[in-house]
Structures are given as C-alpha cells and as structure tokens.
Amino acid sequence: QGKFMLSIAFGQSKYYVDNLSENIKRGIRQKLRNGIWPAWAPLGYLNDKNNRCIVVDQEKAVFIKKAFELYSSGEYPLSEIRKIINSLGLVGKKEKMLSVSNYQYILKNPVYYGVIRFKGEMYEGRHEPIITKKLFDKCQEVMKQKSKSKTPELKPYTYRGMFRCGECGCFITTETQKGHNYLR
C-alpha cells in the first residue's frame with residue numbers, strides 16, 4: 001500500500017510540475033505577443049517591475065549605441081570594439097568586463113532596434129529602441145563581410161580528396177597546367 005500511495009503522490013507532483021511548466025510557457029507566449037521582453041533585461045535595458053517591461057538604461061545605452069556605430073563603419077574588428085567600449089566603462093551583469101563574444105551577441109541582437117527574438121521567432125517589441133533598424137542592418141552586413149573566408153576557393157576537381165598515395169598515405173592532388181589536369 002505504501003508504494004501505491006507513493007506512486008499517487010509522484011503522479012500528482014508530476015501533474016503539478018507539468019501544469020506549472022505549461023502555465024509558465026503560456027505566460028511567456030502571451031508576453032511576447034504583447035511585445036513584452038519575457039526575461040531579464042538585456043544589457044542597455046533595465047527591468048521596470050512596476051510596468052512589467054524593459055526600459056532604456058540611459059547610462060549603458062550610450063555605450064551600446066557607440067558599439068553599433070563603430071562596428072558599422074567596418075573599420076573595427078570585434079576585439080577593437082571590445083577594447084574601446086570596455087575602456088569607456090561598459091560592464092555587464094555583476095560588473096564583469098565584456099568578452100568579444102558578448103559584443104558579437106549584442107551586435108546580432110535585434111532587441112536593440114525594437115524586435116524581440118525568442119527561440120527563433122520574431123516579435124514586435126513595445127520597448128524603446130536604442131538604435132535604428134538601418135544601423136542594425138549595416139552591422140549585420142559588416143559581420144557577413146568579415147566572416148567571409150580569406151582563403152581562396154578550392155577548384156572543384158572531380159576526384160578531390162578521394163584517393164591516397166599507396167606509399168606515403170597523402171591525398172592525391174590535382175593541379176592544372178596549360179589547361180590540362182594532372183594528378184600527383
């Protein structure tokens with residue numbers, strides 16, 4: 001009988017947890033539909049507990065905007081943006097210095113021009129944007145250009161990477177000389 005009662009208790013607690021989880025998810029979906037950021041405010045914003053929304057953090061928003069402006073020029077790599085903005089005094093949660101990946105995350109986050117991206121879906125935010133969509137798009141373009149491979153494109157030879165040398169084990173390579181392909 002003890003096991004039976006225990007399984008009922010576990011069943012009830014699982015039902016409670018599943019229900020709670022579903023209610024939380026429902027609440028988050030509703031917030032998103034209403035254009036409300038559903039979590040801790042991103043850097044550059046503060047949680048306004050009274051109005052249950054996010055508001056611009058006037059002190060840090062200046063740095064966020066500056067980071068977008070510098071990066072959009074195409075003249076500064078992320079490491080340089082980090083150096084400049086960190087030296088101006090921007091710090092993250094718990095007063096931590098920001099990393100290069102923190103800056104990459106900031107520069108790719110549409111929340112700063114007023115759109116909430118949550119689990120791959122986009123929602124129109126009700127919060128005040130820090131930058132324009134135009135500036136955001138310019139930064140995405142710069143990031144795309146910078147991420148393009150600097151190595152020359154390999155020619156699409158038919159048997160590339162298929163055969164190895166029986167003696168040394170290296171791949172057989174193809175090269176073009178005077179319009180003819182030679183394997184060696």
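From Ile28, Ile54, grab the single residue that is hydrophobic (A, V, I, L, M, F, W, C) and open to solvent by less than 40 Å² (accessible area, probe 1.4 Å). Walk me through how you get there before you give the answer.
On the way: Ile28 fails: open to solvent by less than 40 Å² (accessible area, probe 1.4 Å).
Only one candidate qualifies: Ile54.
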Quiz item: Yes or no: Leu90 surrounded by 14 or more Cβ atoms within 10 Å (Cβ to Cβ), modelled with pLDDT of 95 or more, in contact with a helix residue (DSSP H, G or I) (Cβ under 6 Å, 6 or more places away or on another chain) and more than 15 Å from Pro38 (Cα to Cα)?
Solution: no
Practice problem: Return yes or no: is Gly74 touching a strand residue (DSSP E or B) at 6+ places or on another chain (Cβ under 8 Å) and within 19 Å of Asp137 (Cβ to Cβ)? | Solution: no
Practice problem: Give me a count of the residues in segment 72-109 that are farther than 26 Å from Lys119 by Cβ and within 16 Å of the chain's Cα centre (by Cα). | Solution: 0
Practice problem: Would you be able to say whether some residue in segment 143-155 is in contact with a Phe, Trp or Tyr (Cβ under 6 Å, 6 or more places away or on another chain) and modelled with pLDDT of 90 or more? | Solution: no
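Any residue at all in segment 141-154 that's of a type outside the set (A, V, I, L, M), open to solvent by 30 Å² or more (accessible area, probe 1.4 Å) and touching a helix residue (DSSP H, G or I) at 6+ places or on another chain (Cβ under 9 Å)?
Going residue by residue through segment 141-154, those that are of a type outside the set (A, V, I, L, M) are 141, 144-153.
If we keep only those that are open to solvent by 30 Å² or more (accessible area, probe 1.4 Å) as well, we get 141, 144-153.
Still in the list and also touching a helix residue (DSSP H, G or I) at 6+ places or on another chain (Cβ under 9 Å): 141, 146.
Yes; the residues of segment 141-154 include at least one that is of a type outside the set (A, V, I, L, M), open to solvent by 30 Å² or more (accessible area, probe 1.4 Å) and touching a helix residue (DSSP H, G or I) at 6+ places or on another chain (Cβ under 9 Å).
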Quiz prompt | Restricting segment 104-136 to residues that are free of Cβ contacts under 8 Å to residues at least 40 places away in the same chain and more than 20 Å from Ala39 (Cβ to Cβ), the residue that is most open to solvent (accessible area, probe 1.4 Å) | solution = Lys134
Practice problem: Output the residue which, of all residues in segment 57-68 that are surrounded by 14 or more Cβ atoms within 10 Å (Cβ to Cβ) and not aromatic (Phe, Trp, Tyr), is farthest from Gln140 (Cα to Cα). | Solution: Asp57
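I'd like the residue in segment 114-150 that is part of a loop (DSSP other than H, G, I, E, B) and of a type in the set (Lys, Arg) and, out of all such residues, is nearest to the chain's Cα centre (by Cα). Please lay out each step first, then the result.
Filtering segment 114-150 for residues part of a loop (DSSP other than H, G, I, E, B) gives 114, 119-120, 125-132, 148-150.
If we keep only those that are of a type in the set (Lys, Arg) as well, we get 119, 126, 148, 150.
On the way: Lys119: 11, Arg126: 21, Lys148: 18, Lys150: 23 Å.
Ranking the qualifying residues of segment 114-150, first place goes to Lys119.
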Quiz item: Of all residues in segment 33-51 being in contact (Cβ under 8 Å) with a residue 24 or more places away in the chain and farther than 13 Å from Val111 by Cβ, which is least open to solvent (accessible area, probe 1.4 Å)?
Solution: Asn34
Quiz item: Are any residues in segment 74-87 open to solvent by 50 Å² or more (accessible area, probe 1.4 Å) and in contact (Cβ under 8 Å) with a residue 12 or more places away in the chain, and if so, which ones?
Solution: Pro77, Ser79, Arg82
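The values are calculated or read from the model by the stated rules, or taken from the named source; none is laboratory data. Please read all numbers here as calculations on a predicted model, not as lab measurements. All Cβ positions, even for glycine, are placed from backbone atoms using ideal geometry, and neighbour counts span all protein chains on display. Keep in mind that these areas ignore ligands, DNA and RNA; they rest on the heavy atoms of the full protein, side chains included. Shrake-Rupley method; radii C 1.70, N 1.55, O 1.52, S 1.80 Å.
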